[in-house]
There are 6 protein chains.
Amino acid sequence: MRPSGRRTDQMRDVSIDTAVTRHAEGSCLIRMGDTHVLCTASIDNRVPSFLKNSGLGWVTAEYGMLPRATHSRMRREAKDGQSGRTQEIQRLIGRALRAGVDRVALGERQITIDCDVIQADGGTRCAAITGGWVALKLAVNKLMKAGLVISDPLVDPVAAVSCGIYAGQPVLDLDYPEDSEAGVDGNFIMTAGKLIEIQMAAEGATFSRSQMDTLLDLAGGGIEELHRIQREAVA
Amino acid sequence: MRPSGRRTDQMRDVSIDTAVTRHAEGSCLIRMGDTHVLCTASIDNRVPSFLKNSGLGWVTAEYGMLPRATHSRMRREAKDGQSGRTQEIQRLIGRALRAGVDRVALGERQITIDCDVIQADGGTRCAAITGGWVALKLAVNKLMKAGLVISDPLVDPVAAVSCGIYAGQPVLDLDYPEDSEAGVDGNFIMTAGKLIEIQMAAEGATFSRSQMDTLLDLAGGGIEELHRIQREAVA
Amino acid sequence: MRPSGRRTDQMRDVSIDTAVTRHAEGSCLIRMGDTHVLCTASIDNRVPSFLKNSGLGWVTAEYGMLPRATHSRMRREAKDGQSGRTQEIQRLIGRALRAGVDRVALGERQITIDCDVIQADGGTRCAAITGGWVALKLAVNKLMKAGLVISDPLVDPVAAVSCGIYAGQPVLDLDYPEDSEAGVDGNFIMTAGKLIEIQMAAEGATFSRSQMDTLLDLAGGGIEELHRIQREAVA
Amino acid sequence: MRPSGRRTDQMRDVSIDTAVTRHAEGSCLIRMGDTHVLCTASIDNRVPSFLKNSGLGWVTAEYGMLPRATHSRMRREAKDGQSGRTQEIQRLIGRALRAGVDRVALGERQITIDCDVIQADGGTRCAAITGGWVALKLAVNKLMKAGLVISDPLVDPVAAVSCGIYAGQPVLDLDYPEDSEAGVDGNFIMTAGKLIEIQMAAEGATFSRSQMDTLLDLAGGGIEELHRIQREAVA
Amino acid sequence: MRPSGRRTDQMRDVSIDTAVTRHAEGSCLIRMGDTHVLCTASIDNRVPSFLKNSGLGWVTAEYGMLPRATHSRMRREAKDGQSGRTQEIQRLIGRALRAGVDRVALGERQITIDCDVIQADGGTRCAAITGGWVALKLAVNKLMKAGLVISDPLVDPVAAVSCGIYAGQPVLDLDYPEDSEAGVDGNFIMTAGKLIEIQMAAEGATFSRSQMDTLLDLAGGGIEELHRIQREAVA
Amino acid sequence: MRPSGRRTDQMRDVSIDTAVTRHAEGSCLIRMGDTHVLCTASIDNRVPSFLKNSGLGWVTAEYGMLPRATHSRMRREAKDGQSGRTQEIQRLIGRALRAGVDRVALGERQITIDCDVIQADGGTRCAAITGGWVALKLAVNKLMKAGLVISDPLVDPVAAVSCGIYAGQPVLDLDYPEDSEAGVDGNFIMTAGKLIEIQMAAEGATFSRSQMDTLLDLAGGGIEELHRIQREAVA
C-alpha cells in the first residue's frame, strides 16, 4: 500500500556515519532512506548574554537545505533570508536537543549544531534531530576526554520520527511521496521512553483521538530503533 | 494551587464582543481573562496565484502584538521585521482556520484574518484562533446574506486552548504566570470533536504518555465550552 | 457644506478614556469622531546613549496602524518595514511632545509613547499627539506620586489639530472624506497659546497668505478645546 | 549678530550653473553659500502604474548626500538604506515640484529629479528644491524643443528658503552654524506669490503667532530673489 | 619548504566523484586535498528576461559554504545575506563557465551551477569552477542524450587553479596554511591553452613582472593536469 | 580604429584638481576624459576593532555612483543596498591603496577614501584608485604638517589603468564605447614599477599568453604617465 512497499510500522533504512568532516568537534552524516543530512557540532566558550555567569551551558541549532537537495531547485536562502519554515525547524531542533542535556553538567559553554540537508526525501527535521544528537554527543565526548566536562550531560539519546495518516492509514516515517499526499502528519521527539515534543498538524483535514493513539504507538516503536542506532554510532 | 485559584480543569472567563471596528467585514474582541485580542476579517476577491482559476477559496492569517501589550515593552516588529515566533504563530492560525473551511463552498476569494494582541496574559495564539473563527464567520455570513456564497463553508467552529503541566499537575488554559513556569505546555485545536493540530513542547523537560492523555482530556473539555461561546457570539 | 454637516470651525466629538490597558504606566484611548488611537506610555530607566550622564530625560514616540484600521486593508508594516510616512509621523509625535517637557525636571529616564491606530478616519497623527500627551502625563504622575520626580515636567498640555481648505473653504479637523479631497491641508501643534509645529502642504495646489491666517485662527480655537479635554482626562 | 555678518533679511550668495553633466536631460549645480547641490533631471517614458493611460505626467525626486559633504563623515546610505530624514526630504522635494507642474501639459511621462549634496552648510533641502526646478525646466525645454510637449507645463518657478529664530531674532536662510543653534526653524516653498508648503518646527521650544508672521514676510522676500535667479539660469 | 612538503609546482591530490546526488541533472564532489566542494547542475527551461527569444542559453552559478566547513565556525549566510566575497566568487564562477560554452548550441535554457563547500582548506573558488564544469558537462550530456541539444556546447573543459608567492617563492595550488601567509596570490582560469580570467592581488605587498611570468607558467601546468582529470570524470 | 581616434597606447586626457571640497582632510576631482570622480579622504582616530592597540593604521574605501552619472539613469543604491559590483569595486580600491601605505608610519588611525562618480564613461574604478591616492596623500600631508605623522607612509604613488582587447587589438584606457564592446578587459594597479593587482576577465571569450604580455606593456606605460600627474597634483 505504501509507495515504497514498506509495512505501516516500518522505518526506512537508517545509517549514521561519524567524523565525516575535519574541522567540527563532532559530525555525522545521517541517512534515513534518501534523506541525507550532514550534522556538525561546534563548541564555543562564550554563551548567549542571558547565560553569562550562570554556570549553565546552551545548545542551539541551525538548519539549511542545499538548493538542489530537492526535486526541483529551491531558491538559496542566503539570497533572501531564512524562511519562516526554516526558522521554525531550527528552533525545534534546538529545543529538542536541549531537553536531553544536563546544562549544569555541560558547564558555561555553547554547542551549535548545524544541520544541512544534502538530499531531501521527507522527514528532514527528524533526521536533523536524530543526527544532531549524535554530533552533539561526539563533541561532548571530546570535552569529557579533555577533562573539561566531568559528568556526562547527555545520558539518553534524543531522536525524532514522523508519523501520519496516509491513504487513511496511520504510518511510520513518511517519505516525500507520502508526505506530500498525507492530510495529517506530525513529528514525535522522545528520549528514554518520555515525550519531548509532539507536532501534529492537519492541513485542511482532522483526525480522531484514537488515530492519535495509534500514531503515538508507531512513533514509540520507531524511536526505540533510532535510539539503538544512535548508541551504536557514538560507541 | 494555581496562582489564579482556578481548578485544574477551569478556563478563565471568556467573552467575545463582535462588530468592534467599523471597516472590517467581520470583527470581534476576544477576552480570555486578561488576554485581549482584536480579530478582523477582510475579504479580497483575489486569491493567491497558486489558486487562480481553481474555484477554491483561501483563508490566511496575520498576527501582531502591540509593543506594550506585555509586562515590559517589546520592540515594535515593524522596526525590524516579524520574528520567527510571530511567523510561526500566524501560519498556525491560518492552517487551523482553513481546516474548518469548505473551500469549494467559499468560492474563489481570500479572507485575511488579522489578530492583534491588545493585552497579553498567556494563550494569545489560542485566543487568536478562537476569536479569528468568529471574525471569519461574521464575514462569511455577510457574503451569504449578499448571495455571493450559497452553501455555508463554516459549519463547525474551530477553537484552541492551551494545556500544560504546572507544578507537576496537568492544567487547562495557562495564564502568563503559569506559562512562564510550566516546563511542558501545548496548544490543542479542535473542531466538532476532532483534532486539527497539537503542539506539545517541553523546554528542557519531558512528559509521559499518560500525562499526554490527561492533557488531551482537559483540552477536549475546554474546547467544548469555547465552541458554545463562539456559537453565541455569531448568532 | 461639509460631508459630516459640521460648521467650518467645528471639531468632531472627542473623548479620552484613560487606564485602558493593564501593563503600561500610562494609557488612553482617544476618539476623534471615528478615528480611534490607543496611546501607551512606557517608562525606561535607560536613556539613549547621547544622553548618558547628562541628567536630561527623553520622550520618544512610535506610531502604527492596524492593517484593517482603514477602509481597505493595508499591508502589515511588520512584513516589510515602516514606511517613510510612518517614520515621518512618529518623529513628529516625538518632537511635538518633547517641546512640552521640562527635560531637567523629568530626570535621566526615557518615556516611549506608542500610538496605535485601531480605527482611522483622518487626522490620526493629531489624535496620536493629543492622546499621547495624556498617556505621557499619566506616566509622569505615577513617577511624581512615587517621589521619583519632584517638580512637574509637564505643566501645559500639547495638542494637535488638522486644518485644510475643503471645497475652497478653510475648515477645522478634517475627516477622511474631506482629507482625501482637500488640495491643501496641514497640522498645527500648540501648547499654552504658543506654536510648536506647523506642517502645511498642498499636493498639486497652492494657498494664499490670507488663507494661511484663517487656518491659524481655526487651529487656535480647536486646540483650546482639546487642551480642556486633556486636562479633564488627566485630572 | 549673525555668525556670517549677514543682515536678518539677507540670503547667502546664490549661483546656479547649468548643463554641468553630460548625460542628464537637464542639470545644474546650485550654490547657496557653502551648500552645493547637484541636480539632474531624467526623463522616462514610463509613468508609475497608478497613472498608466491617465494622460497625466509625474515628477518625483530623490535626495542624497555624499558621505563627506558634512563636517564629520556620515555613514553612506547605500550601506544601510535611506534614513527616515532622507525619505522625508525627497518626498518633500517631489511634492513641491509637482505643485508647480501642469501634469496634463507634461503628458504621460515621468521626470526624476536627483538632488545630490556635494557640500553641506545648512538648507540643503531648500537648495535642492530651487535647483531641482531649474533641472526640471531644462529637461522640459528639451521636450518642448523636440515637439514632444506643446504647451509649457512649468510657467512659474518653484523655490524654497529656510527661516528661523536665531538668538531670539527671525532670520532668513540659515547656514549650518545658525541652524544647529536655532530652536525654531522651517522651510517655506512658494510659486508665483502663493504658498506651496510650510514646515515650521521647534525642537524643545515654541514660537508665537507674531513671530510666525515675521518669518512669512522674510520667506516671501527671499523667494522673490530666488525666482529671479532661477529665471536667469533657464533663460 | 611548503607546509605540506609539496614541490613548488605540485598540486594537491585531486579527485572528482560524479552522480553524488539524486535529484540534480549533473553533480560531482570535487576534492582538492582537504577542500571538498559539492557541485550540482540544474536545468531550467526559462532564461533570464534579457535573453527571452534570443535563442541563446545561459549558465549561472551560486556559491555557499557550510558554516563549519572552516576551522572555526562562520556565521550562516542565510541569516544576514551573502557577503560581498560570496557574491564576487559566484559571479566569477558564472563568468568562467560561460566562457567555455557555445550558447547558441546550448539553446534557450539556463543551467544553474550550485557550488557548496563542505570542507575548506584554501582554493575553494578554483575547486568550484573545476567541479562546476564537470556538473555542467554531465547535465549537458543528459540534454544531448535526450536529443534536446544536438551539437556539443562544451568542447573544451574550463578549470581554475590558484598560484601565489609563499615565503618568497612562486608556488602552485595554495592550501589554507599557505594562503593565509602569502602576501601575493591569485587565480588563473583557462580552457584549451587560452586564458579566461586572471585575478592577482597583493594584500599590502607587490610583485614584479618576472614573478608574474613564473606564476603564469605554474598555472598553465596545473590546469593541464586538471583538464585531464575533468575529461576522465565525464567520460 | 578606436571610436575616439586615440592610438592603441594613448590614454585619455587626465586632470586632477585638488581641494575641491571644504570639509574633507584631502580631496580631488579626477577627470579621465569624460569619467569624473570626486575623491575625499576622511581621517578617523579610531581603527577597526581588529587593529586596536596594534600601532598599525588602516586605509579603507567606499565607492558610489550618482544615479545619473550614466547614460540612462540607474537605481539609487541607497534604496536597495550596494550591489555586489559596488562592493567588489570598493574592496579593490581599499586593497590597492593599502598596498602603497606604510601602516606603521601611518600610526593607529583610519583614513576612509570616498570615491563618488559624478559622470561615467568607462574606467571609473581606475580613476577612483588614481584619484583616491591623491586625496589620501593630501590628508597624510596634513597629518605630517601637524606633526602627528613623522615619517611619510606614502612614498610612491599607486595608480590604476584599464587595458583590453578591442576589435582584436590590445588597447590602453578603454572608454565606455570600447568597454561595452571588448570581450576581454582588465585593470592593472601598480606602484613604483611593481604590480599590486591584476584583474583580467573575458566575458564569453579567451585570450592568449602573448596578448597578456602586450597588455602588461601597455599598462606599464599608462601607469608611468599617471604617476607623473599624481606627483604634480600633490606637489
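Taken together, the values in this text are just the output of simple stated rules run on the coordinates, not laboratory data. These numbers come from a predicted model, not from an experiment. Every residue, glycine as well, gets a Cβ built from its backbone with ideal geometry; the counts of neighbours run over all protein chains shown.
May I have the extent of the alpha carbons of segment F:1-51 along their three principal axes, as whole Å values ordered from largest to smallest?
Principal-axis extents of the Cα atoms in segment F:1-51, largest first: 52, 29, 12 Å.
Axis carrying C onto E: which residue of C has the nearest Cβ, and how far, whole Å?
Closest to the rotation axis on chain C: C:Gly81, 8.
Taking θ as phi - 60°, what are the ³J(HN,Hα) couplings along segment E:109-116 by the Karplus curve (6.51, -1.76, 1.60), each to the nearest whole Hz, with x for Gly and Pro?
Whole-Hz 3J(HN,Hα) from phi for segment E:109-116: 8, 10, 10, 9, 9, 9, 10, 10.
Any idea what the D:Asp17 label distances to the other copies are, label 7 Å down the Cα→Cβ vector, nm, shortest first?
Listed shortest first, these distances are 0.5, 6.5, 6.7, 6.7, 6.9 nm.
Using alpha carbons only, what's the Rg to Rh ratio of the protein assembly as shown with Rh from Kirkwood?
Reported Rg/Rh (Cα atoms, Kirkwood Rh): 0.98.
Please get the size of the charge dipole for segment E:14-234, origin at its Cα centre, with Cβ charges of +1 on Lys and Arg and -1 on Asp and Glu, quoted in debye to the nearest 20.
Charge dipole, segment E:14-234, about its Cα centre: 940 debye, nearest 20.
Quick one: helix C:84-98 against the long Cα principal axis of chain C, what's the angle to the nearest 10°, folded into 0 to 90?
60
What do you get for trypsin sites (Lys or Arg not before Pro) in segment B:45-146 restricted to DSSP loop and a cutoff of at most 14 other Cβ within 10 Å of the site's Cβ?
B:Arg46, B:Lys52, B:Arg75
Work the Kirkwood hydrodynamic radius out for segment D:14-234: mean of 1/r over every pair of different alpha-carbon atoms, inverted, in Å.
17.8
Given only helices, namely DSSP H runs of n ≥ 4 each adding -39500 (n - 2.57), what is the per-residue ellipticity at 222 nm of chain C, to the nearest 500 deg cm²/dmol?
The helix-only estimate for chain C comes to -10000 deg cm²/dmol at 222 nm.
Could you tell me the extents of segment D:26-146's C-alpha atoms along the three principal axes, largest first, rounded to whole Å?
Principal axes ranked by extent give 47, 29, 20 Å for the Cα atoms.
Would you pull out the residues with amide H under 5 Å of C:Thr206's amide H, same chain only if 5 or more places away, H placed 1.01 Å from N?
Amide H to amide H, under 5 Å and 5 or more residues apart or across chains, C:Thr206 pairs with nothing.
Between the helical axis of E:209-234 and the dominant principal axis of chain E, each derived from Cα atoms, what acute angle in degrees is found, rounded to the nearest 10?
That helix lies at roughly 40 degrees to the long axis.
Distance in nm between label sites at D:Ala167 and F:Ala146, each 7 Å beyond Cα in the beta-carbon direction?
2.9
In a Debye calculation with equal point scatterers on the alpha-carbon sites of segment C:54-107 and no solvent, what is log10 I(q)/I(0) at q = 0.15 Å⁻¹?
-0.55
Rounded to whole Å, give me the distance from the Cα center of segment F:65-92 to that of segment A:71-101.
33
Compute the separation of the alpha-carbon centres of segment B:123-151 and segment A:6-61 and state it in Å as a whole number.
44
Using Cα positions and a limit of under 20 Å, work out the aspartates and glutamates in reach of E:Lys142, with same-chain residues fewer than 8 apart set aside.
The qualifying aspartates and glutamates are E:Asp17, E:Glu25, E:Asp44, E:Asp102, E:Glu108, E:Asp114, E:Asp152, E:Asp156, E:Glu232.
Using a label position 7 Å from Cα in the Cα→Cβ direction, what is the ascending list of nm distances from B:Lys145 to the same site in the other copies?
Here B:Lys145 shows inter-copy label distances of 4.3, 6.5, 6.5, 7.3, 8.1 nm.
Can you give the charge dipole size of the protein assembly as shown about its Cα centre, rounded to the nearest 20 debye, using +1 on the beta carbon of Lys and Arg and -1 on the beta carbon of Asp and Glu?
0
Say a label goes 7 Å from Cα toward Cβ at B:His71 in every copy; what distances in nm does this one have to the rest, shortest first?
Distances to the matching label points in the other copies: 4.4, 4.6, 4.6, 4.8, 6.5 nm.
Below 21 Å, Cα to Cα, which lysines can B:Lys194 reach? Residues fewer than 8 away in the same chain don't count.
B:Lys137
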